[in-house]
1. Sorted from fewest to most neighbouring beta carbons within 10 Å, what does the list Met9, Met68 look like?
2. Name the residues whose placed amide hydrogens come within less than 5 Å of the amide hydrogen of Asp51, ignoring near sequence neighbours (fewer than 5 apart) on the same chain.
3. Take the alpha-carbon centre of the stretch 210-232, take the same for the stretch 96-131, and report the distance between them in whole Å.
4. Which aspartates and glutamates does Lys226 reach when only Cα atoms under 18 Å apart count, and residues fewer than 8 places away in its own chain are ignored?
5. Show me, for the stretch 33-49, the HN-Hα J-couplings you get by feeding each phi into the Karplus relation (A = 6.51, B = -1.76, C = 1.60, θ = phi - 60°), rounded to Hz, glycine and proline as x.
6. So who's got an amide H within less than 5 Å of the one on Lys12, skipping anything under 5 residues away but keeping other chains? H placed 1.01 Å off N, in plane.
Amino acid sequence: EKIDLSQIMLVKEKNASKKEIQSLIIKADEIFQLIKDGGTFSNLARKFSDDVSAHSGGKIGIVNRGTMLPELEIAAFDLRDGEVSRLVETVNGFHIIKCDRFIPGYAKSYKIVRPEIERILNLQNREKKYKKWIKGLKEKAFIQYFLDLENKKVKSIRDSNVIKKQIRTQSPKFNKADHYTKKQIKKGKHIKYEVLSNKRWIENKLKKYKELYTNGEISKKLYSIKKRQLLEKL
């Protein structure tokens, strides 16, 4: 199922007081009453909505089921062509949704989905064979390693005590402390990489929102909220 929808959204500040929230609810109820009295949804969206879609009359476009916030999805897919929802509250604010067009879903025939099913099954089969092959390689490698160790033991038994001592002195030993240190360093680099990656992501997001605000695609209020949310993640 899909729905072609529009919305009027009033942004709720993250740390909004009860008084501020109540004020938003009153404003949203007034907008809803204007719609009931015959007001044009698109005009009211342009006038009151805080969402980036305000400049296009609140137009969101076609949305698939399963891609929206749960509260919005329940309200949206309960509507049919031309219907408007009551006030819907989410973590982002308060929404009034209009169904411009409801697009019912349909079940695909087996003939249509068969190639995709076969492709998925083939991938799963190949993955099983690959895992089995890797397991076999590991088992063979373990056996070879075990035999090498046994040969070394036999040789050391045949040698004199002096030669055995030399072999032990010259043989490389596995130093748990060294291994642990290398692992820690590697882990530290990995953590550093994640932090740098996160900073780059936030910088890119900030640039994107600034560009949207500069182009007049989002309101100053929404830009400030998004900017603050991103900076809090640093």
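1. Met68, Met9
2. Residues meeting the amide H criterion: Met9.
3. So the two Cα centres are separated by 37 Å.
4. Filter leaves Glu13, Asp50, Asp51, Glu203, Glu211, Glu217.
5. 5, 4, 5, 4, 7, x, x, 6, 4, 5, 5, 5, 5, 4, 7, 10, 5
6. Answer set, sorted by chain and number: Gly93, Phe94.
A short reminder: the numbers here are calculations on the coordinates, not readings from a lab. No experiment lies behind these values; they were computed from the predicted model shown. As a convention, Cβ positions derive from the backbone with ideal geometry for all residues, glycine included, and neighbour counts pool all protein chains shown.
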